[in-house]
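Step one of this worksheet: look at the structure below.
The values are calculated or read from the model by the stated rules, or taken from the named source; none is laboratory data. Only a predicted model underlies this, so the values are computations on that prediction, with no experimental measurement involved. Cβ sites come from the backbone with ideal geometry, for glycine too, and all protein chains shown count toward neighbours. Surface accessibility is based on the protein's heavy atoms, side chains included, excluding ligands, DNA and RNA. Shrake-Rupley method; radii C 1.70, N 1.55, O 1.52, S 1.80 Å.
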Amino acid sequence: MTPQAASARARIGYIGLGNMGAAMAANLADRGWNPVVYARRAASLDPLDGLAARIADSVSEVAAQCDILCLCPVDIAQIRDILFGPGGAVETLAPGSVVVIHSTISPRDCIDLAAQLNDRGIGLVDAPVSGGAARGRTGTLTIAVGGADADVARCLAVLTDGASEVVRVGATGNGQRAKLLNNAVMLAQLALVHEMVETGEAWGISSDAQLRFVTTGTGASWAASYYLDAVETGRQLLSTASVYPGGAVAIMRKDADLFLQESEKADCPLLRGVVDRALSALLPMLPPTTDPAHIAPVLTGK
C-alpha cells in the first residue's frame, strides 16, 4: 500500500511494543501506514528507528491522532490501563474510532471491553495473532478476527497488511476463543512430542532419529519440527529476560489457564486433559525465555 492510499483510509496508532507488537508496528511503517506509537520504555522503540513511524509522548497523544488504535500488550491489566487508566486512550479517542486488540486475553474480558468502548461510541475488533515476531515483521501472520461487521470492515486493510491469513470467526470474543484453541493445540503438541522423545530414548532411539522420522511422517507437527531444529543446530536457550515477568513460559501458562477457564463447560476432555498435564508436568521444567521456539533445547537436554 502506498502512503497516500494508507492516509486516505485511516490514521493508525500502536501501543504495546514488545517483541510481537514492535515487529507488527514496523511492518505497518514499511507498508506506508506511518503509525503513531508510544512506549514507556525507550528501548521498545528501537525496532522502529529509521522507519516511517511517529513517536508520541503519551497514550492520550497516540489516541488523539488515530482512527484505529492497535493494542498488543501482554495481558488484560495492561490493556485496561492503556484504555481506562489515568491519561488513558478513551480520554482522547474520537467517537467512531476503533480499538483493535491483538493480545491474547479472556473472551469475556474482550466482550466487556467492547461494551465499555461501545458506550463511548468506539468500536472494538477482537484480532489476536499467531505466527511469532519474525512473521509479524514480514506481515505474514495469521489473525483471527471477531467483532461487528462495520468495525471489522474499517480495519480490514490494516489487518490484511499484517497477515497472510485473516480469518473471520464471528462475534466479539470468538477471535480470542480461536486463539486459545490454537495455543492449546500448540501446548498439547509440545507436551506430546516431549513425551515421545523421552519414550523413544527409553527404548534406545535417539531424539534426533525419532524426530527426523516423525517430522517426515504422518506425525509431523509444529512442535516436532522445532524440536528437530533445536537438536540439529544445537541452539541454546536464550537467557535474555523478557519485559514480561517470567518470559515466554509465563505467557504460555497464562494462555493455557485462559483456555482451561473458557473451556470449563465445553465438551473437549482430551484437549483439556493434555493441556492440564502440560501445565503440571511440562512448563515447570522450563526457565524463563523470550521465545517459545527456544524451549526445545531444554526439553531435549541439548
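Points to keep in mind about this one:
- Among the numbered conditions (1) open to solvent by less than 20 Å² (accessible area, probe 1.4 Å); (2) modelled with pLDDT under 95, the only one that residue 7 does not meet is (1).
- Residues of the range 197-240 satisfying the condition of being of a type outside the set (S, T, N, Q), exposed (fewer than 15 other Cβ atoms within 10 Å of the Cβ), at pLDDT 90 or above and not in a helix (DSSP H, G or I): 203, 204, 217, 219, 220
- Residue list for the range 97-112, restricted to those being open to solvent by 40 Å² or more (accessible area, probe 1.4 Å) and not aliphatic (A, V, I, L, M): 108, 112
- The range 98-125 residues that are touching a residue at least 24 places away in the same chain (Cβ under 8 Å), paired with ones that are among the charged types (D, E, K, R) and assigned to a strand (DSSP E or B) (beta carbon under 7 Å, 6 or more apart): 101/126; 110/126
- Against the test of being basic (Lys, Arg), open to solvent by 50 Å² or more (accessible area, probe 1.4 Å) and either at positive phi or not in a helix (DSSP H, G or I) (or both), the options 177, 154, 168 yield a single qualifying residue, 168.
- Contacts under 7 angstrom Cβ, first residue in the range 148-159 being small (Gly, Ala, Ser), partner open to solvent by less than 20 Å² (accessible area, probe 1.4 Å), 6 or more apart: 148/123
- The residue list 63, 77 contains one member that is out of contact with any Pro (no Cβ under 8 Å at 6 or more places or on another chain), surrounded by fewer than 16 Cβ atoms within 10 Å (Cβ to Cβ) and part of a helix (DSSP H, G or I), which is 77.
- Note on the range 18-42: among residues that are among the charged types (D, E, K, R) and closer than 19 Å to residue 156 by Cα, the one that is surrounded by the fewest Cβ atoms within 10 Å (Cβ to Cβ) is 30.
- If you filter the range 34-55 down to residues that are of a type in the set (A, V, I, L, M, F, W, C) and in a helix (DSSP H, G or I), you find that the one that is nearest to residue 87 (Cα to Cα) is 42.
- Which listed residue, of 17, 45, 51, 93, is touching a residue at least 12 places away in the same chain (Cβ under 8 Å), of a type outside the set (Ser, Thr, Tyr) and within 20 Å of residue 147 (Cβ to Cβ): 93
- Subset of the range 103-121 [in a loop (DSSP other than H, G, I, E, B) and touching a helix residue (DSSP H, G or I) at 6+ places or on another chain (Cβ under 7 Å)]: 103, 104, 105, 106, 120
- Criterion (crowded, with 22+ Cβ neighbours inside 10 Å, among the hydrophobic types (A, V, I, L, M, F, W, C), in contact with a Phe, Trp or Tyr (Cβ under 9 Å, 6 or more places away or on another chain) and closer than 17 Å to residue 158 by Cβ) met by exactly one of 15, 68: 15
- Residue 83 being under 26 Å from residue 264 (Cβ atoms), open to solvent by less than 40 Å² (accessible area, probe 1.4 Å) and touching a helix residue (DSSP H, G or I) at 6+ places or on another chain (Cβ under 7 Å): no
- Residues considered: 100, 125, 90, 129. Of these, the only one that is in contact with a His (Cβ under 6 Å, 6 or more places away or on another chain) and of a type outside the set (Phe, Trp, Tyr) is 129.
- Where a residue in the range 127-144 is on the phi > 0 side of the Ramachandran plot and its partner, wherever it lies, is of a type outside the set (Asp, Glu) and open to solvent by less than 40 Å² (accessible area, probe 1.4 Å), with Cβ under 6 Å and at least six apart: 131/141; 139/27; 139/162
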